[in-house]
Amino acid sequence: MWPFSSKYNLQQSEIFDGWTDRHSHILPGVDDGIQSIKESLAILSMYEQMGVKKVWLTPHIMEDCPNTPEKLKTRFEELKSAYQGNIELALSAENMMDGLFIKRLEQGILMPYGDNQNELLIETSYVQPPMRMEGILRDMQKAGFTPVLAHPERYLYMDAEKYENIKEMGVKFQLNITSLIGAYGKQVMERAEFLLNEGYYNYSGSDAHSYHAIQRAFEHKALNKKTVEAIHQHLSPTN
């Protein structure tokens with residue numbers, strides 16, 4: 001399995017064969033991610049070559065990007081009509097825990113996530129938690145949803161105790177796979193390694209925003225053998 005090198009890229013880690021990308025911004029023209037169907041198709045073609053099985057399209061929904069389910073579903077059907085490959089595509093959203101999310105949670109206007117459609121992918125500011133964070137998480141659970149926290153390694157206001165408390169509440173964690181190669185800096189990488197080794201992650205995703213950025217990230221040799229082994233130990237291909 002191991003090439004004669006002290007560092008490995010994500011492709012060499014062999015995690016993409018049968019992988020489900022649980023977090024991406026590949027749905028074109030709806031947020032700060034991919035802007036054209038052509039680029040979306042290029043990423044999906046690259047994914048096919050790596051053996052990816054399924055991709056969740058999770059565009060932003062937030063006060064600064066108030067996408068509606070109707071708009072996203074229309075764009076999703078356009079992409080599915082243009083895509084002729086064999087990767088399964090699924091639509092959800094990445095929800096900022098802001099006022100718009102609280103309002104839509106109360107109204108039941110949401111984009112469910114997960115194979116059983118009973119999860120919600122959520123995010124917060126990177127530097128501070130939302131007001132009533134634990135209360136909002138409980139409100140989600142009371143509404144019948146399991147919160148899935150996107151890229152927890154990127155929230156610099158969290159410490160080990162905060163991670164543990166949120167995990168004990170029943171919140172699932174989604175790893176940005178590129179955090180492990182330093183895409184967001186050394187501090188985030190170290191947090192990702194800690195959470196991975198502690199078995200905190202349930203899912204993984206690319207958080208892909210552009211073809212060239214994700215291609216460079218997947219090919220960049222930055223993983224050590226210990227991290228690759230931890231990926232295989234704690235994350236199955238469908239995670």
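If we keep just the residues of the stretch 37-64 that are of a type in the set (A, V, I, L, M, F, W, C) and free of Cβ contacts under 8 Å to residues at least 40 places away in the same chain, which is nearest to residue 98 (Cα to Cα)? Only one residue fits best here, namely 62. For the stretch 144-165, the criterion of being charged (D, E, K, R), modelled with pLDDT of 95 or more and buried (at least 23 other Cβ atoms within 10 Å of the Cβ) is met by at least one residue. Taken as a whole, the structure places residue 197 among residues that are open to solvent by 50 Å² or more (accessible area, probe 1.4 Å) and touching a residue at least 12 places away in the same chain (Cβ under 8 Å). Restricting 222, 192, 208 to residues that are closer than 16 Å to residue 11 by Cβ and at pLDDT 95 or above narrows the list to 208. The single residue among 100, 72, 89 that is open to solvent by 10 Å² or more (accessible area, probe 1.4 Å) and more than 17 Å from the chain's Cα centre (by Cα) turns out to be 100.
The values are calculated or read from the model by the stated rules, or taken from the named source; none is laboratory data. Nothing here was measured: the structure is a model prediction, and the numbers come from that model. Using ideal geometry, Cβ is built from the backbone for each residue, glycine included, and neighbour counts are taken over all protein chains shown. Only protein heavy atoms, including side chains, enter the accessible area calculation; ligands, DNA and RNA are left aside. Shrake-Rupley method; radii C 1.70, N 1.55, O 1.52, S 1.80 Å.
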